[in-house]
Amino acid sequence: MTRPPYEDPEQPEAERPGPDLPGYWDPGWEPRPPAGPRPPREPDPLAVAVGNASLLGAGYLMLGRRWLFWACAVVTVALLRLTYSTAETWCEVLLLLWWAVMVAHGLWLARRHPAAGPRAGQRMLALGLALPVLVAAGWVRHDTLDIEDAVAGARARGDCGEAVAAQDGVGFRHRLAAAPVAARGDAVVEACERLDTAAGYLSTGLTGDLDALETGFGRLGAVLGEPGNERVVGARLTDFLKRLPTEDGCRTMDIADWLRERESGPKALDGPSSATAARIAPGALKECGDALLADEQWVNAQDMYQRLLDEHPGDDRADDARGGIRKAGLAIQLSDVRSLVTEAESMSTGYCRKPAKYAGAPAYREGKSRALFVGDTEATKYTDKLPEAWKAGDAADAALVVCADETEAGDVVETCQYRDHNGRIGSVRFNKLAVRVKAYALRTGKLVTDRRVQMGGESCPGRLGYFGSLPSRMAVTPSGADVREAFEPVVGR
């Protein structure tokens, strides 16, 4: 809208100059021409190329190609996401090729523009966008490579803890700018985690669980099969082997046998394992033998001691093993003797039927040896009256085992007259008690005495007790002295 011409209010209307008169001045605005299409931008090819080098598509905005800018942004984000998620080198190569295509395409488009030429402002703007992006990407990539070097160095030293700690420094920026490099560190961490699991199984194996031991070694072998893991696997194996022997000799022996007899695996595992098994086996055999001996598992104890002599004849523990075999053998003999003595209830049972030796028994010496009295229950009722100094409380203290047969009538002592229940008088003969005895030297199990002893005693009592009719023969009633006198020759007293 055009403003009216300026009029001076002091000047009479007749004297005011008109548009056709000299001196006329109109302070209004000339009408603007109608708006037309924006003139094309004048791009700087170098600025466009540098703007696109930022991967932000800034060069396309300088050219006024907004649709190319958005298309470039979509492709760039997709490639960055692909690189981040797959962490493959080919993705990085593809991203680099895309970067080169953007730079070249922007330069080509800018050079085709008729008004292309140097523009200082555009160059400064492009440089301000591209330089921080490229410098940040380079610095992050360099930092990622430093972390990778730290992880690789720790793995080379066999230190999984240090490797994991170094890889903990990797963040989102590292995985975006150098995903494959970060992924190599992740692989080391993953291997260390698998080794942690294997170490857990090996620890369980130290309790005697051989299945867990098998699983642990299988996992060590799997990690060892991957290049570069030799040191970290070796470190975990060494940690396990250092915990041997265990506090239980028999458990240690089971583990040592397993290490030696397991199926052939990688030399890096079998070599140290076999060497450790050879190192701990002698001591484990000795300790296991001692433990079995204390638990009265004498046959198994003998087996352990004998293995020590057979497999390690020059070991310093050989003399101890021989002593252990002797102790176990004596314990076996003593156990057998005790069992036979318990079963001896007659001349045809237990020890009396099958005499056995106990090499640890005291030597038989006349006048000083103690004896175990076994056999017929009636006979042993009398031997119980013998002096305590003659008797042994257990087979371990006895020098003799005296077997007593059933008692029978011996020599006639005297004949006495008694009136029966009907008032008739009859004669009753009183006989000594005769017992056949066999005495065996316990140390050798050989027979030293085989004789028939007779025990005298009180006869013709004033009052005779009986059932039914008057007996014609009765046994004397031996006193302790009578029993002692009868058995003195048997025990050598």
Carbon and sulfur atoms account, in whole percent of the 1.4 Å probe accessible area of the chain, for 53
On a 0 to 90° scale, report how tilted helix 267-294 is relative to the longest principal axis of the chain, with both axes built from alpha carbons and the result rounded to the nearest 10. 30
Once Lys and Arg get +1 and Asp and Glu get -1 on their Cβ, which of P313, S264, M253 lies farthest toward the positive end of the dipole of region 224-322? S264
Net charge, L340 excluded, C-beta distance under 9 Å - Lys, Arg +1, Asp, Glu -1: +1
Averaging sequence separations of C-alpha pairs under 8 Å and six or more residues apart, then dividing by the length of the chain, give the relative contact order as a whole percent. 7
Take peptides 279-285, 183-189, 98-104 and line them up by average Cβ neighbours within 10 Å, highest first, as a rough protection proxy. 279-285, 183-189, 98-104
Reported label for calculated P(r) over Cα pairs in 20 Å bins from 0, in percent given (i) 27, 61, 13, 0; (ii) 24, 45, 25, 6, 0; (iii) 15, 19, 16, 14, 11, 9, 7, 4, 2, 1, 0: (iii)
For region 341-463, radius of gyration divided by Kirkwood radius, i.e. Rg to Rh on alpha-carbons: 1.13
Take the Cα coordinates of region 235-306, assign each an equal point scatterer, and use the Debye formula without solvent to give log10 I(q)/I(0) at q = 0.21 Å⁻¹. -0.83
Quote the charge dipole size of region 396-493 about the Cα centre in Debye, to the nearest 20; the model charges only the Cβ of Lys and Arg (+1) and of Asp and Glu (-1). 120
Hz values of 3J(HN,Hα) by residue in region 166-175 - Karplus curve (6.51, -1.76, 1.60), Gly and Pro given as x: 5, 5, 4, x, 7, x, 4, 4, 5, 6
Check: the chain dipole with +1 on Lys, Arg Cβ and -1 on Asp, Glu Cβ, in debye: 1740
On a 0 to 90° scale, report how tilted helix 89-112 is relative to the longest principal axis of the chain, with both axes built from alpha carbons and the result rounded to the nearest 10. 0
Taking the dipole about the Cα centre of the chain, with the C-beta of Lys and Arg at +1 and of Asp and Glu at -1, give me whichever of L244, L109, G51 is farthest to the positive side. L244
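The values are calculated or read from the model by the stated rules, or taken from the named source; none is laboratory data. All values derive from a computational prediction rather than experimental measurement. Methodologically, a virtual Cβ is constructed for each residue, glycine included, from the backbone with ideal geometry; neighbour enumeration extends over all protein chains shown. These accessible areas exclude ligands, DNA and RNA; they are computed on the full protein's heavy atoms, side chains included. Shrake-Rupley method; radii C 1.70, N 1.55, O 1.52, S 1.80 Å.
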